[in-house]
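S.K.: Please read through the structure below; I'll follow up with questions.
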Amino acid sequence: MKWMRDMARWLLATMLLVFGLGAHAAGQNDYVLGAGDQIRIFVYQNQDLQLDARINESGTISYPLLGVVKLGGLAVSDAEKKIAAGLRDGNFLKQPQVSILVMDMKANMVSVLGQVNRPGRFALGAGAGG
């Protein structure tokens, strides 16, 4: 009977992991890009247009053929559409299929104001806390 209980726990843990990863991947299209995000851009059947880039403080990246593209403030799905439209409207590709993968999300920033020793904006790391 102990093996059945262990098997049930293992099965439950596996299901939670699979559904959790699926929810994360689905939610990535809703993620709003911002300064500091590391992204990887794929264009189907055009490996030359694959790019790893970090979004700079002004919310832009430099992309081949298009030059400077503002992606900051856009959801991932909207950024994909913007790059695809640029490639299509510039007559570089007829029907570009663009995918963006967020490799490293920007740190959550906090502002410290008032009568403090060091006012300013600071990255709030994952291990920060009490």
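S.K.: Given the conditions (1) in a loop (DSSP other than H, G, I, E, B); (2) in contact (Cβ under 8 Å) with a residue 24 or more places away in the chain; (3) closer than 14 Å to Lys106 by Cα, report the number of the one that Asp30 does not fulfil.
M.R.: (3)
S.K.: Then there's this: When you check Asp30 against the structure, is it at pLDDT 95 or above and among the acidic types (Asp, Glu), yes or no?
M.R.: The answer is no for Asp30.
S.K.: Could you tell me which residue of the stretch 44-101 is surrounded by the most Cβ atoms within 10 Å (Cβ to Cβ), considering only residues that are basic (Lys, Arg) and not in a strand (DSSP E or B)?
M.R.: Initially, the stretch 44-101 is screened for residues basic (Lys, Arg), giving 54, 70, 81-82, 88, 94.
Retained after the next criterion (residues that are not in a strand (DSSP E or B)): 81-82, 88, 94.
Numbers: Lys81: 13, Lys82: 17, Arg88: 14, Lys94: 7.
It comes out as Lys82.
S.K.: Another question about this same structure. Regarding Leu16, is this residue over 19 Å from the mean Cα position of the chain (by Cα), modelled with pLDDT under 70 and closer than 26 Å to Ile100 by Cα? Explain how you work it out, then say what you get.
M.R.: Numbers: over 19 Å from the mean Cα position of the chain (by Cα): yes; modelled with pLDDT under 70: yes; closer than 26 Å to Ile100 by Cα: yes.
Yes.
S.K.: Something else now. Quick check on Gly22: is it assigned to a loop (DSSP other than H, G, I, E, B) and modelled with pLDDT under 95?
M.R.: Here the answer is no, as Gly22 does not meet what is asked.
The values are calculated or read from the model by the stated rules, or taken from the named source; none is laboratory data. These numbers were taken from a predicted model, which means no experiment stands behind them. A quick note on method: Cβ atoms are made from the backbone with ideal geometry, for glycine too, and the neighbour counts reach across all protein chains shown.
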